[in-house]
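The values are calculated or read from the model by the stated rules, or taken from the named source; none is laboratory data. What you see is a predicted model, and the numbers here were worked out from it, not measured in a lab. All Cβ positions, glycine included, derive from the backbone under ideal geometry; neighbour counts span all protein chains shown. Only protein heavy atoms, including side chains, enter the accessible area calculation; ligands, DNA and RNA are left aside. Shrake-Rupley method; radii C 1.70, N 1.55, O 1.52, S 1.80 Å.
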Amino acid sequence: MEEGNCSAIFLSFLILVWVFGSGANGQVNRWLPGHSTFYGASQNPTTVGGACGYDNTFHAGFGVNTAAVSGLLFREGEACGACFQVTCDAQMDPKWCLRRTIVTVTATNFCPPNNHGGWCDPPHRHFDMSLPAFSRIARVGSEGIIPVLYRRVPCKRAGGVRFTLKGQSNFNLVMISNVGGSGDVKAVQLKGSKTSGWVAMHRNWGANWQSNVDVRNQVLSFWLTLVDGKTLEFSNGVPSTWRFGDTFASQYQFS
């Protein structure tokens, strides 16, 4: 089949999905227009911390295909861990787009607005992607910015949800990562082996959740609710011997 015919078929497929695709948060949604740039050409993409608080994207279970997203997508940190499929809009930019290629990225950072018409200013939908992710869908050249089509998709993670314990004494900060399903956590509850019941945690920043209950030397359980409404209990997932700085991978994962 000729190159032009292949491109036309692929574009038609995207248009059909764009028109007819639908779903709840975290499910496959319709394709929407946006733009993308890339960051860190000279940086190791796994070590860029960012507004979600992930110390290392491999440690968090996300690999190198990550992106900082504009405020409309970031939702004040609620989107941390969410997955997006992104493809370069070759009809809009045939020079720089790689045709028939799609990359799945995880939102791990916030692309801040400059309030002077920048691409991350509202109401733009923008992905500042890691170079490995960007180079999957576009040629890296002097243009620097490309039109894209994107959609929310479920996250497929290897292994269970991970809990990294931070904080001190009666200030508990828990970083939650490697979350499957919709990927974005809406609510967290904590229970210690000596607490009277479940304690609601509050988002401190990004993927970090806090409580002011002293649960040192206790076996810990967590109850997570995702943005799409799915819930999962992680019973006795952290032993009483835990220390601040430890990470524990559970045996359970969202589908």
Just order 102-114, 119-131, 154-166 by mean Cβ neighbour count inside 10 Å, highest at the front, would you? 102-114, 119-131, 154-166
Just list whichever of LYS156/LYS191; LYS156/LYS230; LYS95/LYS156 have alpha carbons separated by over 23 Å in the model shown. LYS156/LYS191; LYS95/LYS156
Net charge over other residues, Cβ less than 15 angstrom from the Cβ of TRP209 (K, R count +1; D, E count -1): +2
Asserting the computed 222 nm helical MRE of the chain (DSSP H runs at least 4 long, -39500 (n - 2.57) per run, divided by residue count, to nearest 500) equals -3500 deg cm²/dmol
Env charge @ TRP223, Cβ radius under 14 Å, K,R +1 / D,E -1, value +2
Ignoring any ligand, DNA or RNA, what whole percent of the accessible area of the range 104-168 comes from carbon and sulfur when the probe is 1.4 angstrom? 52
Exposure of GLU233 as accessible area (Å², to 10), given a probe of 1.4 Å and all protein chains: 70
Surface per residue (accessible, 1.4 Å probe) for the chain, Å²: 47
From the coordinates shown, semi-axes √(5λ) of the Cα gyration tensor in Å corresponds to which of [x] 32, 21, 16; [y] 41, 23, 15; [z] 37, 18, 15: [z]
